[in-house]
Each structure stands twice: as structure tokens, then as C-alpha cells.
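> Just dropping this structure here.
The values are calculated or read from the model by the stated rules, or taken from the named source; none is laboratory data. Since the structure is predicted, the reported quantities are computational estimates derived from the model, not experimental observations. Don't worry about glycine lacking a Cβ; one is built from the backbone with ideal geometry, like all the others, and counts go over all protein chains shown.
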Amino acid sequence: MNNRISPTTFDPIALNLVKKLPQSNDPCGLVTFGVPFRVDTTQIVGKGDWQLNAAHSVMGRFLRTMEGNRSRFLWHPTTC
């Protein structure tokens, strides 16, 4: 049989489902696609210096990063 399955043995319901899948130009049938993915990123940066006198000083830095990922499986008018 040359390692082949006869198309006459394919399930007709499965063939109807395959007709709805995206067509491929690849000889092996590879189909690639992407899912919309949005990330909201916010960064806050701060720095402060305070010098009481020549011998006493305080310095501080602050960095905060916030990321919000929307679920790609929930539909809402603002996510499209």
C-alpha cells in the first residue's frame, strides 16, 4: 500500500470539518497563525536626595513596573 491511506476511507464528517480549516501553501500542510495579545505596561521612576549637613545625607531610588495582561479567551468590545 506504499504507506498511504485511501481517501475513500476518510470519514465524511471529518472531511466537512477540514473544508473549514485554513488552507496552506506549504507542501507539508503547515498552517501558522497568531492570537492577538495585548500587554499594558506602566513604569514609575523616582529619585530623591536629602542632605542634612556635610556628614549626613540620604539618597533613595524607586522603580515600579506594572503589567496587565488581558485574557485572550474572553471577548469584550474593548479587547478586539
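> Would you check if Q51 is modelled with pLDDT of 80 or more and surrounded by 10 or more Cβ atoms within 10 Å (Cβ to Cβ)?
So Q51 passes the test.
> Let me ask another. Could you check T42 against (1) modelled with pLDDT of 90 or more; (2) surrounded by 10 or more Cβ atoms within 10 Å (Cβ to Cβ) and say which number it fails?
Result: T42 passes all but (2).
> How many of the residues making up region 21-49 are in a strand (DSSP E or B) and within 25 Å of the chain's Cα centre (by Cα)?
Going through region 21-49 one residue at a time, the tally reaches 6.
> Only residues in region 55-80 that are under 22 Å from V39 (Cα atoms) and surrounded by fewer than 10 Cβ atoms within 10 Å (Cβ to Cβ) count as the first member; pair them with residues that are of a type outside the set (V, I, T) and modelled with pLDDT under 70, Cβ under 8 angstrom, at least 6 apart or cross-chain, and list the lot.
C80/P36
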